[in-house]
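Visitor: One structure, as structure tokens, below. Some questions next.
None of the figures in this text is laboratory data; all of them are computed from the coordinates on show. Everything numeric here is computed off the predicted structure, so don't read it as measured data. Note that each Cβ is placed from the backbone with ideal geometry, even for glycine, and that neighbours are counted across all protein chains shown.
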Ligand code: SAH
Ligand code: SF4
Ligand code: F3S
């Protein structure tokens, strides 16, 4: 596999394809007497969401508009995730449903992209059992989408295009239509080199490649000018960011915090093997960097961590936790945990419960181990029986629920700045948003405080009145 850097010039054929498609869809729309629509369903992580924002950007340039919710679009696109098995079941279920849609509207276009398309078995299954899917491509080729769509329409037969290259197509040369007003997703690197033995991402996203720091900072400046309050710097392991000119993540984080107008900088994910004291110090000393650290531990047993190819010990992990808690006392810590990795014993699992207690995670994403064919762990002996996994998973969940509730409870009585994400219940006029520490807040606006228009993306002071298991209730004190 090689890495190819895509330049602005390489995008000229893409622009030509966009112009051709715009004409094509406009004449189709005239024929059927209504505007043509598209829809994108996005699965998986924020990197996939960010990819979808690029697809939205390209559809917009083709003159298409998004189908209203609940209506079947003329072009249906599924941006898939392969990280766990249930995602696959969902995709094939959905494709079955679209068969009926295609019968009704023979011009309907069905496209499947995303990480699942890097797994050969999935592509073979689409070729064999879902011939009515028009186009299949992989995440490395997002920037080429208009060319692939045009070619598939010309071909009038299923087009499957999976690359064997890793492209570095900097975000600055790809159109983007952002889907949220309150948070802009900004990938700083693509791919992953870590090969944790359970994980498929290094196979679907290819080798690590970092964007130039200058390009990221330019993007942030533009976002600040457009009024975005929050940016989220994205990568599978942001701490291993290293641009061609040698810039590191701490340097990028500091430079990001100096950009005018950006009030909140989030980043995700951090790998315990790479996060440095410097990053924690920068978090502590820069007011516009979030006080939330997402630091996946995966499990609480050194023996299993080795088998997972996660090169750190629980002692080291807890050392990072201690430094973070000391440096950012008002902050929050979240994690990812897998239950039932091959060979996990009751003792290993007790270790996981122990690390959860000691770290006192504010939030956690907990997963049951899912076999990913092609990964090292898939062929490891001693796969844990599913009833054992389910039982352990429930014990973990109940411990973490207690901790999350306690973390929410500790906020009650305080007033903090909340970035408003939208309305959470129209009937009761309840709005939702998040604190700097990523706590989810649902709040009301008392009579007497007037506001106009859409509140998404505005900052407000909210007083926290009571805690729930997964959120905190509050009342707005005033807009900022
Ligand atoms: N790069 C990120 C994680 C990306 S995947 C990181 O390392 O922090 C998000 C999470 O999915 C992982 O942290 C892991 O907990 C979970 N995951 C990955 N592969 C899995 C598998 N095969 N089964 C269950 N959970 C898995
Ligand atoms: Fe997967 Fe590990 Fe890479 Fe995260 S760091 S994406 S868990 S291989
Ligand atoms: Fe899924 Fe791909 Fe993200 S496998 S978690 S969408 S990188």
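Visitor: In nm, to one decimal, how far is the residue 447 label point from the residue 405 one, both placed 7 Å along Cα→Cβ?
Guide: If labels sit at residue 447 and residue 405, their model points lie 3.4 nm apart.
Visitor: Now, a different point. I need the peptides 281-290, 122-131 ranked by packing, meaning the mean over residues of other C-beta atoms within 10 angstrom, with the highest value on top.
Guide: Output ranking for 281-290, 122-131: 281-290, 122-131.
Visitor: By per-residue mean of other Cβ atoms within 10 Å, what is the highest-first order of 49-62, 336-349?
Guide: Details: 49-62: 21.1, 336-349: 19.4.
In descending order of packing, they fall as 49-62, 336-349.
Visitor: Quick one: if you stick a label point 7 Å off each Cα along the C-beta vector at residue 284 and residue 306, how many nm between them?
Guide: Label at residue 284, label at residue 306, 3.3 nm between them.
Visitor: Moving on to the next point. Relative contact order of segment 221-341: what whole-number percent is it, with Cα pairs under 8 angstrom and at least 6 residues apart?
Guide: Once divided by the residue count of segment 221-341, the mean separation gives 25 percent.
Visitor: When the Cα centres of segment 437-456 and segment 121-135 are compared, how far apart do they sit, in Å?
Guide: Between the Cα centres of segment 437-456 and segment 121-135 lies a distance of 46 Å.
Visitor: Using helices alone, I'd like the mean residue ellipticity at 222 nm for the chain: each DSSP H run of four-plus residues gives -39500 (n - 2.57), total over residue count, nearest 500.
Guide: Calculated mean residue ellipticity at 222 nm is -11500 deg cm²/dmol.
Visitor: I need to check one value: relative contact order of segment 415-479, counting alpha carbon pairs closer than 8 Å and at least 6 residues apart, in percent.
Guide: Contact order relative to length: 34 percent.
Visitor: Can you tell me the length gained on complete extension of the stretch residue 380 to residue 353, counting 0.36 nm per residue apart and subtracting the Cα distance?
Guide: 7.4 nm
Visitor: Right, another one. Extension gain residue 172-residue 120, at 0.36 nm per residue separation less the Cα-Cα distance, in nm?
Guide: 15.7 nm
Visitor: Run through the DSSP bridge list for the chain and note the antiparallel percent, rounded to the nearest 5.
Guide: Percentage antiparallel, nearest 5: 35.
Visitor: Arrange the peptides 231-240, 186-195 so that the one whose residues have, on average, the most other Cβ atoms within 10 Å appears first.
Guide: Answer by packing, highest mean first, reads 231-240, 186-195.
Visitor: Can you tell me the Rg and Dmax of segment 415-479, counting just the alpha carbons, in angstroms?
Guide: 10.6, 31
Visitor: May I pose another question? Which whole-number percentage describes the relative contact order of the chain, with Cα contacts under 8 Å and a sequence gap of 6 or more?
Guide: That works out to 10 percent.
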